[in-house]
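A short write-up of the structure that comes next.
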Amino acid sequence: MLGFGDPVADAIGLLRPRTVVGPSLRAVGEWALRFDSFVHVRIGGLVRGTCWLMLEGHEPVYLQEGDTFMLGNPPPYVLASSLDLSPRPAAPVLASAEDGLVRIGPASEDDLYLCIGHIAFDDSNAALLTDLLPPLVIVREADPHGRQLAQLIDLLAIEVGVTAAGGPLVQNHLAQILLVHMLRAHAGQTDRPTGWLGALNEDGIGTALRAMHANLSHSWNLKELAELSHMSRSAFAQAFKNHVGVPPMEYLIDWRMSLARDALARDTLSIAEIARATGYLSESAFSTTFRRVVGSSPAQFRKQARQWPSTFGQGANQPRA
């Protein structure tokens, strides 16, 4: 069986997130750090204190204790104690970290305490999520999901600050939980996201999306999906395209082919098994669709993946400061 049956879990599972939790920052006085652009997602939160977040093309955002932010494929940005300071590059400052901590200024009980995690995805499928994310999402502690996110940031900061068995594993899982909660918060905000992430909140369309993911091997047709959504076929097709951006059957085929590419690259199932798992009655029907969508036959794709495994499923981009 391919996937988990939940669109968010399926997408994150397929993307194989690689998490690097950066050193925590403690700072007092005047300071400003400029961060380079990053692929794919950054998540951060203020455990204590306040600061400004300045992202190119956006108005400066004042962050307070308990606030959390997510940056999707962000351009360069600045974190600073005030708006009128000239920032210095963040990379060499973070490189000086000791025991997972960077300090600017003397130790103080009133210093800013900021925790940041970097999440990179399998490059071949990263667009499934990154294309849906705006450059900046802010969740205030008082917002829905805000308190949960603040608690997760607190836990992440604790894990970064101690040396304990299994620390990297705990940090990785906490960062992924943060990502899911940020996606939930983003999907629930007034300015809803486009694509399947926003469509999950629409009763009829969300029901059809979840059904497709829950039973990918079923030979879905437009009539069945429309009935699940309690709409006529024409109304469902139009509503799905309006919310998700593509017609329902095109979405289903694209998702099936994304999972098929991943399974072929991992080399754990035969082509016939992948065909059945993705809803095709015959290997030839699956191969015809795969060639049309991907541009090569399943056998050719698998051969290339065996020859260049780093290109298929590993990802070329690594987190950096």
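Kindly evaluate PHE312 against the criterion of being aromatic (Phe, Trp, Tyr), closer than 30 Å to ASP36 by Cβ, modelled with pLDDT under 95 and surrounded by 13 or more Cβ atoms within 10 Å (Cβ to Cβ). When the stated conditions are applied, PHE312 passes them.
Quick grid of which residues meet (1) surrounded by fewer than 15 Cβ atoms within 10 Å (Cβ to Cβ); (2) outside the structural domain of GLY72 (by TED's automatic domain parsing); (3) within 14 Å of the chain's Cα centre (by Cα):
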site	(1), (2), (3)
ALA165	yes, no, no
GLU202	no, yes, no
GLY206	no, yes, no
LYS223	yes, yes, no
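Among the helices (runs of 4 or more DSSP H) confined to the range 165-283, the ones with at least 1 residues that are free of Cβ contacts under 8 Å to residues at least 40 places away in the same chain are located at 167-188, 203-214, 222-228, 233-244, 248-266, 271-277. Among the listed residues LEU112, LEU132, LEU128, LEU83, which satisfies the condition of being out of contact with any helix residue (DSSP H, G or I) (no Cβ under 8 Å at 6 or more places or on another chain) and surrounded by 14 or more Cβ atoms within 10 Å (Cβ to Cβ)? Criteria check complete, one pass: LEU112. For the range 45-84, which positions are at pLDDT 90 or above, assigned to a loop (DSSP other than H, G, I, E, B), more than 22 Å from LEU156 (Cα to Cα) and in contact with an Asp or Glu (Cβ under 9 Å, 6 or more places away or on another chain)? Residues satisfying the conditions are PRO76, SER81, SER82. When the range 225-258 is limited to residues that are in contact with a Leu (Cβ under 7 Å, 6 or more places away or on another chain) and surrounded by fewer than 20 Cβ atoms within 10 Å (Cβ to Cβ), the one that is farthest from ALA127 (Cα to Cα) turns out to be ARG233.
The values are calculated or read from the model by the stated rules, or taken from the named source; none is laboratory data. Model, not experiment: these values are computed from the prediction. Neighbour counts run over all protein chains shown; Cβ positions are idealised from the backbone, glycine included.
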